[in-house]
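Report on the following structure.
The values are calculated or read from the model by the stated rules, or taken from the named source; none is laboratory data. Computed from a predicted structure; not experimentally measured. All Cβ positions, even for glycine, are placed from backbone atoms using ideal geometry, and neighbour counts span all protein chains on display. These area figures cover heavy atoms from the full protein model, side chains too; ligands, DNA and RNA do not enter into them. Shrake-Rupley method; radii C 1.70, N 1.55, O 1.52, S 1.80 Å.
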Amino acid sequence: MNKPYSASCDNNREPIFSVLETLLNHCRSVLEIGSGTGQHAVYFAAKLPQLVWQCSDLEENHAGIRQWLDEAALPNTPAPLLLDVTLHDMSALNFDAVYSANTIHIMCRDAVRSMIHGVGKVLPKGGLLILDGPFNYGNRYSSDSNARFDEWLKQRDPMSGIRNFEDVDKLANDAQLTLHQDVAMPANNRIISWRKD
C-alpha cells in the first residue's frame, strides 16, 4: 500500500501550527478526531514533543496513519484509536484537548452533534475543543469558493455541507463548552476553539 498523501496538509500545516502552538501550550495530551492520512499528527507532534498526540479515525484509514507514524517513529504518537463518533462512547477517554480538521463538513449533522457531545464528556475543566475548517456565519458563505465547495459536498452526500458557526456554537454550549477563540486562516478556513466550563 502506498503511503497516503494530502497536498493541502503540507500547504496549511505551518499556519495551523502557529495557532495550535499557543492553544496547546499547557496541554499534555491531544486527541485528534479524523486524523486522515496522519500527516498533521506527525508534523505537530514533532514540534510539540511535550504532549502526546493521539490519532483516531475509522478503521479504513488506520493503515495509512500507521505508515506515517511508523516512519516518523516519534515517542509521543501512540497507535491510532478506532473511533466512530456515532458508535463509540468517548466518556472513558482522557485528554486535555481535542483537535479535528476538515471533518464536520463531511459528517452528517447527527455525527457532528455526537462528536461535540462526546468531547464535552472527555474534556476536563479548562480543556479545549479545536475545530479547523470552513464555516458559514449567519447562513452566508465566506467566499465564492466555499459556496462551490459546499455544492460539491452536497452533491456527494446531501447530509454533509459547510456548517453554520452559530449551530456549532450552540452544540458546543449545550456540551458545556464556551467560545474561546475564532481565527481566520488561509483558504477561507477558520480555527475555532471552545473551552470546557
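Any idea which residue in region 172-184 is farthest from Gly118 (Cα to Cα), counting only those that are open to solvent by less than 40 Å² (accessible area, probe 1.4 Å) and within 16 Å of the chain's Cα centre (by Cα)? Reasoning before the result, please.
Here is the first cut: in region 172-184, the residues open to solvent by less than 40 Å² (accessible area, probe 1.4 Å) are 172, 175, 177, 183.
Checking the rest, the ones that are also within 16 Å of the chain's Cα centre (by Cα) come to 172, 177, 183.
Values: Ala172: 10, Leu177: 12, Val183: 24 Å.
By that ranking, first place goes to Val183.
Looking at (1) part of a helix (DSSP H, G or I); (2) farther than 17 Å from Leu129 by Cα, which is the only condition Tyr5 fails?
In the conditions (1) part of a helix (DSSP H, G or I); (2) farther than 17 Å from Leu129 by Cα, Tyr5 misses (1) alone.
Within region 30-50, track down each residue that is open to solvent by 20 Å² or more (accessible area, probe 1.4 Å) and in contact with a strand residue (DSSP E or B) (Cβ under 6 Å, 6 or more places away or on another chain).
Applying the first criterion (open to solvent by 20 Å² or more (accessible area, probe 1.4 Å)) to region 30-50 yields 34, 36-37, 42-43, 46-47, 49-50.
Hit for region 30-50 is Gly34, nothing else.
Quick check on region 57-85: of everything there that is surrounded by fewer than 22 Cβ atoms within 10 Å (Cβ to Cβ), polar (S, T, N, Q) and within 22 Å of Leu20 (Cβ to Cβ), which residue is farthest from the chain's Cα centre (by Cα)?
That would be Asn76.
So, in region 86-124, how many residues would count as being open to solvent by 10 Å² or more (accessible area, probe 1.4 Å), within 20 Å of Leu51 (Cβ to Cβ) and under 12 Å from the mean Cα position of the chain (by Cα)?
Total meeting the criteria: 1.
Applying the selection to region 142-171, what residues are surrounded by 12 or more Cβ atoms within 10 Å (Cβ to Cβ) and among the basic types (Lys, Arg)?
Lys154, Arg163, Lys170
When residues of region 11-29 are filtered for being assigned to a loop (DSSP other than H, G, I, E, B) and either surrounded by 21 or more Cβ atoms within 10 Å (Cβ to Cβ) or among the basic types (Lys, Arg) (or both), how many remain? Explain how you work it out, then say what you get.
Initially, region 11-29 is screened for residues assigned to a loop (DSSP other than H, G, I, E, B), giving 24-28.
Okay, now just the ones that are also either surrounded by 21 or more Cβ atoms within 10 Å (Cβ to Cβ) or among the basic types (Lys, Arg) (or both), so 24, 28.
Residues flagged as assigned to a loop (DSSP other than H, G, I, E, B) and either surrounded by 21 or more Cβ atoms within 10 Å (Cβ to Cβ) or among the basic types (Lys, Arg) (or both) within region 11-29 amount to 2.
On the basis of being modelled with pLDDT of 95 or more and open to solvent by less than 10 Å² (accessible area, probe 1.4 Å), does Pro134 make the cut?
On the way: modelled with pLDDT of 95 or more: yes; open to solvent by less than 10 Å² (accessible area, probe 1.4 Å): yes.
Spelling it out, Pro134 is indeed modelled with pLDDT of 95 or more and open to solvent by less than 10 Å² (accessible area, probe 1.4 Å).
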